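Single-structure report; data block below.
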Amino acid sequence: LSSSSAASDVYKRQVGEVSNFSSDRIPKEERIKSNILRLGKELDEVREKWDKPIFITSWYRPPRINKAVGGVSNSQHINGSAADIKTTTDIFEFQDWLDKNWENALGYGAKKGFVHLDLRPHPIRWNY
């Protein structure tokens, strides 16, 4: 593969993660794109420090899709600044690790199979 082809493949994978491989989930607003890039960097750090695979189950959700999946009207997913993630290992262990290592907002969703992370600058914690 050429380097531009490889870079294109990486870009497609990253956009796919953000948009859940759906073109109607690709944001148009620069503010949302900026939030997505910032969260992406944070998630890469989580992957690196956790040293095990993590998977994004939900990231950016336009308002229409957020409403369809039962998201709250002020969801951080609408801004591109939240992701629900899971791992291939014990989700409760992962959630506990994040509680100690994630300085921003964290929703305890392990009982439902995911953990919510977002970029709000406070160590907010809540249960799903």
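The values are calculated or read from the model by the stated rules, or taken from the named source; none is laboratory data. In this text the structure is predicted, and so the values were computed from the model without any measurement. Here Cβ is always computed from backbone atoms with ideal geometry, including for glycine, and neighbour counts include all displayed protein chains. These accessible areas exclude ligands, DNA and RNA; they are computed on the full protein's heavy atoms, side chains included. Shrake-Rupley method; radii C 1.70, N 1.55, O 1.52, S 1.80 Å.
For this structure, a couple of remarks:
- For the pair Asp44 and Glu30 in one chain, pulling the backbone fully straight at 0.36 nm per residue adds 2.9 nm over the alpha carbon distance.
- Beta bridge orientation in region 58-128: antiparallel %, DSSP, nearest 5: 75 percent
- Solvent-accessible ranking of Phe94, Phe114, Phe55, largest area first, probe 1.4 Å: Phe55, Phe114, Phe94
- The Rg/Rh ratio for region 9-128 is 0.94, where Rg is the radius of gyration of the alpha carbons and Rh is the Kirkwood radius.
- Charge sum, other residues only, whose C-beta stays under 14 Å from Ala110's C-beta, Lys/Arg counted +1 and Asp/Glu -1: -1
- Across Trp97, Trp50, the residue with the most accessible area heads the list, and the full order at a 1.4 Å probe is Trp97, Trp50.
- For the listed residue pairs Lys41/Lys100; Lys67/Lys112; Lys33/Lys100; Lys33/Lys111; Lys41/Lys86, the alpha carbons are over 23 angstrom apart in Lys33/Lys100; Lys33/Lys111.
- Taking 18 Å as the straight-line reach from the Cα of Lys28, the lysines in range (excluding those fewer than 8 positions away in the same chain) are Lys12.
- The residues of region 35-128 expose, per residue, 56 Å² of accessible area to a 1.4 Å probe.
- Accessible area per residue (1.4 Å probe, heavy atoms of protein chains only) ranks Ser22, Ser75 as Ser22, Ser75, with the largest value leading.
- Heavy atoms of Thr57 accessible to a 1.4 Å probe, total area in Å² rounded to 10: 60 Å²
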